[in-house]
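Below is one structure, written out as structure tokens; comments come after it.
Nothing in this text is a laboratory measurement; each read-out follows from the coordinates by a stated rule. Just so you know, these numbers come straight off a predicted model, no measurement behind them. Because the Cβ atoms are built from the backbone with ideal geometry, glycine has one as well, and the counts that use them run over all protein chains shown.
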Amino acid sequence: MKHAYLILAHHEPEVLQLLLTSLDDARNDIFLHIDRRSKRLFARFEKWQPQSAGFFLLEEREAPAWGHISIVRAELRLFSAALAQGEEYAYYHLLSGMDLPLKSQDEIHDFFDAHQGKEFVHCDFAESAMHIANKRVNRHYLFLRSLCKRTTPTMHLLTTPFRKVVLGIEKVTHYNRFSSEHTFYYGSQWVSVTHGFCKYLVEHSSEIEKMFRYTLCPDEHYKQTLIMASPFAKHLYSKDCSAECTQRFIDWKRGKHGHPHTFELADYEQLVQSPYMFARKFSASQPQLLQLWYKKLGIKQQ
């Protein structure tokens, strides 16, 4: 069975080029969502032609903002676009445009064939994580598009006091948006899921929009919350660390300011030795590492 790769991208064209090329296999279909604001990136890949894979560039796009429901909408657009093809893919892999596969396509397909039916979704069941989920979902986080100081400095300055007042009142009054019957979960945004769970997510799109609209970082909650309330929960591949659960190597220990570490040339051997299928994040600021990755995966640099 074929795999669907669902990619969210907004910059780093050199990394995205390498990612697309590495996924160019007859056993794959690639679905690419490019940030509506990234006009140059869209123009660059609008006419990209794969050699073997199916390629679908989404025309209707979101302008995702960190922490905002717009990221969820973009993800659901990708899930929906893949389902609309009428192909029952073995797996739907959600990746960012700064991800790369750590293994060959043969190795990736063999791995997922061996674990067919498992859901590669990370749910953190620690008490601290459950507290984070409850706090983020049960309170109103308003004006989330203005959270980023770098992109919206004026709006950030104007809206932050109001947002903090609302959150403060809700904290003092012990206000919850949802009853205690609802349990919310937290985990990694990036997943590899079966056709059944992908369909389940899309079928609940309206419910997701309504429930997580005012949630901080809803992309880290909606997939986890829905899967744990569904029959798919019993098919979770692992309940261990995020990397094991999702098969994605992401180095948060060396990350800064809430972002994961960007891999460097010195990390090459660590990446090669990783047992996982994918990794993030990569950047054109490390051109030698990207060149080595072309060689490792045995693909021609374009």
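Using DSSP to define loop residues, name the chymotrypsin sites (Phe, Trp or Tyr not before Pro) in segment 118-162 whose beta-carbon has at most 13 other beta-carbon atoms within 10 Å. Loop-located and lightly packed - Phe125. Listed cross-link partners Lys223/Lys281; Lys103/Lys300; Lys47/Lys199; Lys171/Lys239 are compared with a 23 Å cut-off, the Cα-Cα value being larger for Lys47/Lys199; Lys171/Lys239.
Assuming R0 = 35 Å, can you tell me the calculated FRET efficiency for the pair Met1 and Glu264, based on Cβ-Cβ distance, to the nearest 0.05? Using R0 = 35 Å, I get an efficiency of 0.45.
Annotation: the residues Val165, Val121, Val172, Val15, sorted from fewest to most other C-beta atoms within 10 Å of their own C-beta, follow the order Val172, Val165, Val15, Val121. Between Cys241 and Gln288, full extension at 0.36 nm per residue minus the direct alpha carbon distance yields a gain of 13.9 nm. Which Cα, out of Gly168, Ala133, Gly255, lies furthest along the positive dipole direction of the chain (beta carbon charges, K/R +1, D/E -1)? After comparing all options, I get Gly168.
Look at Tyr91, Tyr175 and count the other Cβ atoms within 10 Å of each Cβ; fewest to most, that gives Tyr175, Tyr91. Using DSSP H assignments, which helices in the chain have an axial alpha-carbon span of 27 Å or above and a mean Kyte-Doolittle hydropathy of -1.0 or higher? Once both thresholds are applied, what remains is 153-172. With contacts taken as Cα pairs under 8 Å and at least 6 residues apart, segment 2-100 reaches a relative contact order of 45 percent.
A DSSP coil position with no more than 14 other Cβ atoms inside 10 Å describes the following trypsin sites (Lys or Arg not before Pro) in segment 78-157: Lys149, Arg150. For segment 226-302, the fraction of alpha-carbon pairs lying more than 20 Å apart is 44 percent, rounded to a whole number.
For the pair His11 and Ala63 in one chain, pulling the backbone fully straight at 0.36 nm per residue adds 17.5 nm over the alpha carbon distance. By the beta-carbon count within 10 Å of each Cβ, the least crowded to most crowded order of Asp240, Asp267, Asp110, Asp219, fewest first, is Asp240, Asp110, Asp267, Asp219. Taking the chain as a Gaussian network of alpha-carbon nodes connected by springs under 10 Å, the highest mean-square fluctuation of the residues Thr225, Thr21, Thr183 belongs to Thr183.
Protection proxy ranking for 59-67, 292-300, using the average of other Cβ atoms within 10 Å per residue and placing the highest first: 59-67, 292-300.
Its Cα centre serving as origin, segment 75-152 has a Cβ charge dipole (Lys and Arg +1, Asp and Glu -1) of approximately 940 debye. If you take every residue apart from Gly298 with its C-beta less than 13 Å away from the C-beta of Gly298, what net charge results, scoring Lys and Arg +1 and Asp and Glu -1? Spelling it out: positives minus negatives among the neighbours equals 0. Note on Lys164 and Arg40: their simple-model spin labels are 3.6 nm apart, each label 7 Å out from Cα toward Cβ. Computing FRET efficiency as 1/(1 + (r/R0)^6) for Gln273 and Met155, where r is the C-beta to C-beta distance and R0 is 35 Å, gives about 0.20.
Around the Cα centre of the chain, unit charges on the Cβ atoms of Lys, Arg, Asp and Glu (plus for the first two, minus for the last two) sum to a dipole of about 1280 debye. For segment 152-195 versus segment 106-148, the inter-centroid distance based on Cα atoms is 15 Å.
Each Cα pair under 8 Å and six or more residues apart adds its separation to the average, and for the chain the resulting relative contact order is 24 percent.
Count Lys and Arg as plus one, Asp and Glu as minus one, and take only other residues whose Cβ is under 14 Å from that of Ala81; the net charge is then -2. Under 20 Å from the Cα of Lys39, which aspartates and glutamates turn up, not counting those fewer than eight places away in the same chain? Answer for Lys39, where 20 Å is the Cα cut-off: Glu12, Glu14, Glu59, Glu60, Glu62, Glu75, listed by chain and number. Taking label positions 7 Å along the Cα-Cβ direction at both His174 and Ser205, the computed distance is 4.0 nm, reported to one decimal. Sparse packing (at most 11 other Cβ atoms within 10 Å of the Cβ) combined with a DSSP loop state is found for the following trypsin sites (Lys or Arg not before Pro) in segment 151-260: Lys239, Lys253, Arg254. Relative to the current alpha-carbon distance between Ile299 and Glu107, full extension at 0.36 nm per residue lengthens the span by 67.6 nm. The mean sequence separation of alpha-carbon pairs under 8 Å and at least six residues apart, normalised by the residue count of segment 98-214, gives a relative contact order of 41 percent.
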